[in-house]
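Everything on this sheet refers to the single structure shown next.
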Amino acid sequence: MNFLACDGAWQATAEGTPVCLGTLTSLTTEEMQSLTSSAMSWDDVAELQGEAITLFAIVFGFLVLKKLLK
């Protein structure tokens, strides 16, 4: 399967037809996958887990304080 890519911006005409304001390029499925394969690394996973645990602890602490001060 091939895809059309525009190196500029896409715009719609009054009739609703998409128009590329740059140059159209044809890309294969493999080329699209190589452009968009930005999987998370294990370092990214560990950082995201740490941030999620911190957020959970803050919210939990806030709820406990709210209950205690009532």
Go through segment 4-42 and report how many residues are open to solvent by 100 Å² or more (accessible area, probe 1.4 Å) and more than 18 Å from the chain's Cα centre (by Cα).
8
Sole residue being farther than 26 Å from residue 1 by Cα, open to solvent by less than 80 Å² (accessible area, probe 1.4 Å) and either at pLDDT below 95 or in contact with a Lys or Arg (Cβ under 9 Å, 6 or more places away or on another chain) (or both), chosen from 64, 59, 45
45
Scanning for something assigned to a strand (DSSP E or B), out of contact with any helix residue (DSSP H, G or I) (no Cβ under 7 Å at 6 or more places or on another chain) and among the hydrophobic types (A, V, I, L, M, F, W, C), does segment 22-43 turn up at least one residue?
yes
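The values are calculated or read from the model by the stated rules, or taken from the named source; none is laboratory data. Here the structure is a predicted model, which means the values were calculated and not measured. Quick reminder, even Gly has a Cβ in these numbers, built from the backbone with ideal geometry, and neighbours come from all protein chains shown. For the accessible areas, the whole protein counts, side chains as well, though only heavy atoms, and no ligand, DNA or RNA atoms are used. Shrake-Rupley method; radii C 1.70, N 1.55, O 1.52, S 1.80 Å.
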